[in-house]
1. Between residue 81 and residue 113, what is the label-to-label distance in nm when each label sits 7 Å out along the Cα-to-Cβ direction?
2. Residues with amide H under 5 Å of residue 31's amide H, sequence separation 5 or more or different chain, H placed in the peptide plane at 1.01 Å from N; which?
3. By its C-alpha gyration tensor, with a ≥ b ≥ c as the square roots of the eigenvalues, how is the stretch 1-86 shaped: rounded for a/c under 1.5, else prolate for a/b larger than b/c, else oblate?
4. At most 16 other C-beta atoms within 10 Å and a DSSP loop state: those are the exposed GluC sites (Glu not before Pro) I care about. Give me the longest piece of the chain that has none.
5. So for the chain: antiparallel DSSP bridges make up what percent, rounded to the nearest 5?
6. What does the charge add up to near residue 75, with Lys and Arg as +1, Asp and Glu as -1, over the other residues with Cβ less than 14 Å from its Cβ?
7. Using only Cα atoms, find the angle between the long axis of helix 149-162 and the longest principal axis of the chain, and express it within 0 to 90 degrees, rounded to the nearest 10.
8. Which residues does the label zone of residue 169 cover in the stretch 1-29, counting backbone N under 18 Å from a point 7 Å along Cα→Cβ?
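Please treat every number below as a calculation from the coordinates, not as lab data. Quick caveat: nothing in here was measured; it's all calculated off a predicted structure. We place every Cβ from the backbone using ideal geometry, glycine too, and count neighbours over all the protein chains shown.
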Amino acid sequence: MSILPGPIRQIGYIVEDLDAVLGPWIDLGVGPFFVMRGIPIRASYRGQPCEVTISMALANSGEMQIELIQQECDTPSIYTEFLAASGPGYHQLAYWTDDFDATMASVRDAGWSVVWLGDEDVGTRFAYAEQPNGPTHVSQVIEIMEDNEITSGMGKFVREAAVDWDGSDPIRPLGA
């Protein structure tokens, strides 16, 4: 039995150039992508305070959400660690939970290392955890995202935009 809640909701990729990778994803029929730039993230990175700025894009293919993340600074983080070790590519599977505290307690009780713990600056709590002795070929890290009004609303918005998407207006900026 899994300690993780429900199905995988999202597959995340770390990229070096967000704009350069959107086209190939769109060519695969994934979209439209909702792009957010200059997002400040405060987190604990391997137990130390960390502040980075990211840009990201979200789109759905069916029920699966695709997340593309580009860190905009050189600050050591979970993202720069991944890029240094692996280069750009597949980074995480994400699960969304109604009870973030209980899920995080289960993960910690199972011996998972929490390597990235974000605060609520972006409207929700989130964490990346490494499974002890886990199969790294399955996932680099597992993301646990608090499923609240903001994340549910955004998830629904992105998913519904993908239904019957005809390929028009494939890149849609969000925010300032």
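1. With each label point 7 Å from Cα toward Cβ, the separation is 0.7 nm.
2. Close amide H contacts, sequence-distant or interchain: 60.
3. Because a/c hits 1.5 or more and a/b fails to exceed b/c, the stretch 1-86 counts as oblate.
4. 73-176
5. That works out to approximately 70 percent antiparallel.
6. Summing Lys and Arg as +1 and Asp and Glu as -1 gives -2.
7. 40 degrees
8. Residues 26 fall inside that zone.
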